[in-house]
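Read through the structure below, which is laid out as C-alpha cells, and then see the notes.
What follows draws every value from the coordinates through simple rules; no lab data is involved. These figures come from a predicted structure and were not determined experimentally. No Cβ is skipped: glycine too gets one built from the backbone with ideal geometry, and neighbour counts run over all protein chains shown.
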C-alpha cells in the first residue's frame, strides 16, 4: 500500500521541472520503459515519479501496471537465481597471529576450502610456462 502511494503519475509538462531538479533523477532504465525492455519506446508522455526517480513508460496501460506494483518493476536481482552463491572468505593478520588455525577451523566446521599461498606459488612454479619461468627467475633473484 505504501509503495503504491509513493508512485505518482506525471503530466508531460511536469516532467521538465523534475528533470531540471537536482533531487530527482532518471531511473536506471533511462528513457526506456522498465516493462518493455525488449522493445524500447522513448516517450515522456506516461512518466511516473517513484522514490526520487523518473520512469518513462510506453503507454497508459504500462503506466497503470507500474502504478499498481512499482516495486515489482524497479527491483533488479543482484545475482541470477539459477546460480548458487558461494561465500568467499579471506583471513588476514600479522605473522603468528593464528590465521592458519582459524582457516583450519573454518574448513572443518563450514566446509570451506583452505588455500595456502605457499603451496599455490610452488605448484605454479612447477608448471612449464612463460609465467612460471618469470616467477622462478624472480624467486631465484630474491634468494628463495
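Quick check of the Kirkwood formula: for segment 81-144, what is the inverse mean of 1/r over all pairs of different Cα atoms, in Å?
14.5
Between 17, 56, 66, the residue with the greatest mean-square fluctuation in the GNM of the chain (Cα pairs under 10 Å linked by springs) is 17. Between residue 104 and residue 26, the distance separating the two model label sites (each 7 Å from Cα on the Cα→Cβ line) works out to 5.8 nm. For segment 47-71 versus segment 117-144, the inter-centroid distance based on Cα atoms is 58 Å. For the chain, the relative contact order works out to 17 percent when only alpha carbon pairs closer than 8 Å and six or more residues apart are counted.
Applying 0.36 nm per residue to the separation of residue 36 and residue 134 and subtracting their alpha-carbon distance, the gain on full extension is 30.1 nm.
At 222 nm, what value in deg cm²/dmol follows for the chain if DSSP H runs of at least 4 each add -39500 (n - 2.57) and the sum is divided by all its residues, to the nearest 500?
My calculation for the chain gives -12500 deg cm²/dmol from helical runs alone.
Here the Gaussian network model covers the chain, with springs between Cα atoms less than 10 Å apart; of 31, 70, 95, 95 fluctuates the most. For the pair residue 72 and residue 112, a Förster radius of 35 Å applied to the C-beta separation gives a FRET efficiency near 0.45, rounded to the nearest 0.05. Translational diffusion of segment 11-65, estimated by Stokes-Einstein from the Kirkwood radius over alpha carbon pairs at 10 °C in a medium of 1.306 mPa s, is 143 µm² per second. Each of [x] 59; [y] 54; [z] 22 is a candidate for percent of Cα pairs over 28 Å apart; the one calculated from this structure is [y]. The C-alpha atoms of the chain define a longest principal axis, and helix 130-142 lies at about 60 degrees to it. Against the chain, whose longest principal axis is taken from its Cα atoms, helix 99-110 shows a tilt of about 60°.
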